[in-house]
1. To the nearest 10 degrees, how steep is helix A:263-289 against the longest Cα principal axis of chain A, on a 0 to 90 scale?
2. With n ≥ 4 as the cut-off for DSSP H runs, can you work out [θ] at 222 nm for chain A, using -39500 (n - 2.57) per run divided by the number of residues, rounded to the nearest 500?
3. Considering the convex hull of the alpha carbon atoms of region A:120-218, report its projected area averaged over all viewing directions, in nm², one decimal.
4. Please work out the Cα center distance from region A:6-25 to region A:212-229, rounded to the nearest Å.
5. What does the charge count near A:V200 come to, summing +1 for each Lys or Arg and -1 for each Asp or Glu among other residues with Cβ under 10 Å from its Cβ?
6. Considering every residue in B:60-72, what mean count of other chain Cβ atoms within 10 Å of its Cβ is obtained?
7. Report the semi-axes of the equivalent ellipsoid for region B:3-75 in whole Å, largest first, where each axis is √(5λ) for an eigenvalue λ of the Cα gyration tensor.
8. Given the C-alpha centroids of region A:235-296 and region A:78-134, what is the distance between them in whole angstrom?
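Bear in mind these aren't lab numbers, they're just calculated from the coordinates by the rules spelled out. Computed from a predicted structure; not experimentally measured. Cβ placement follows ideal geometry from the backbone for every residue including glycine, while neighbour counts extend to all protein chains displayed.
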Amino acid sequence: MDFLRPASWEEALAAKAEHPTAVPIAGGTDVMVEINFDHRRPEYLMDLGRIGELYEWEVGEDGVRLGASVPYTKIMENLRSELPGLALASHTVASPQIRNRGGVGGNLGTASPAGDAHPALLAAGAEVEAQSVRGSRRIPIDEFYTGVKRNALAPDELIRAVHIKKADGPQQYSKVGTRNAMVIAVCAFGLALHPETRTVRTGIGSAAPTPVRARAAEEFLNAALEEGGFWDNGKIITPSVAKQFADLCSAACNPIDDVRGTASYRRHAVGVMARRTLTWTWESYRGTRHASEGAA
Amino acid sequence: MRVNFTVNGRPQEADDVWEGESLLYVLRERLGLPGSKNACEQGECGSCTVRLDGVPVCSCLVAAGQVEGREVVTVEGLADYARQRSCGTGACGTSPDEARRWQAKGTDSGTGQSGAFPHATLSPIQQAFIDAGAVQCGFCTPGLLVAADEMLERNPNPTDADIREALSGNLCRCTGYEKIMDAVRLAAARQSEGV
């Protein structure tokens, strides 16, 4: 094994072009587990820890450009108002020690269906900025996950940053596990209301070979909210609409039985989380609409 | 490969380090600092918690090559670290002269233990763990001490929820955590009283 220590982003891209099998390591919270357990013996390990810009973020007009290695702790501390869904998801990641090291770039690189950031990214709307010596491209998050632990990156590409839309409405994140800390999601659910476009987006984790959106559920809810004038009148979402939304979210799952839970439990739990997060976000939306009246 | 970094305030050099080796392995097997414990090797248990440039991390998940030029504090250096911190803020009641003398001793003393226990005294959090009976088998203790000490540095008056959150990455299979909670509360109380 060779240890590559690029001092700059350009050096890292050059090294990745020269050694496409090189495994990038930043927080190490995925890679080192595989090495410690002898599940992986990469020819080259490439430390990205010396590249300062990967640890920085920029808040723009419409979105946040989040450096690939910004630790979850920093997201929780600094980006809660811009990226509420991702901040909530970050808080469910493992433990303080892990959140101090791990970041969204690693979650995307590993592309585990159980990665905690994915449902939040899918719900908020995001693009992955991939770079190589050939240039830069932005991969829509919906096209990024291509299979179990597979993603759309080319062998010579590295993740430079993630571009995430700033929240224009309430966002929620929910995760099922046996305790609050140190849990790999049995399943997880992210929901974002986008009042500006009058749309709702979802993200489901650990309930399909890849993180997925519940598109049919989104379409149903978008139509139901529009039809009932809900965005304008701010009425309580009727239980039948919430139930239909939850059922469609369950139906979007394609889960497996494993040690963490059964497929049918996952389907059920995703439905429960969908209904709850819809209620939470909608109540919050109503609250901001009728700030003076409070959440009735 | 060779890795140069600072451990508990002293420059260290580790040779013939395998590229896939963890910081934990280097600390324990190459530098003779076995305080950080090796249990799960996957970041689940927190017993290998150290501070890397001040930040608590699982040393089993840090590749040795990643610490080149960086500063690590282990449980062995916790007493010194805590003392320097309180002296730095003038809260320790030690005169600057005394502090200087103590530091000089700390860097020079060749105890043969490679940086372990240059002084017999304990950090406040270590003393609190003893006083509260928070140590049973002791395997999880070093990681808990490092994590708890860092929290008290950041948050001198933690709520119970703050303590649970800060220690949520450290598993203990003996105590049921109640005595550990007592110990951290005790350390926080003593800290705020300036004891």
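1. On a 0 to 90 degree scale, this one is about 70.
2. Values: 11 runs with 107 residues, N = 296.
One gets -10500 deg cm²/dmol as the mean residue ellipticity at 222 nm.
3. Working: hull surface 29.9 nm².
Approximately 7.5 nm², given one-decimal rounding.
4. First find each Cα centre; the distance between them is then 43 Å.
5. Numbers: positive: A:R198, A:R201; negative: A:E218, A:E219.
Summing Lys/Arg as +1 and Asp/Glu as -1 gives 0.
6. On the way: counts 4, 14, 7, 9, 1, 7, 13, 2, 5, 1, 1, 0, 0.
Going residue by residue through B:60-72 and averaging, the value is 5.
7. 17, 13, 11
8. Going from one Cα centre to the other spans 22 Å.
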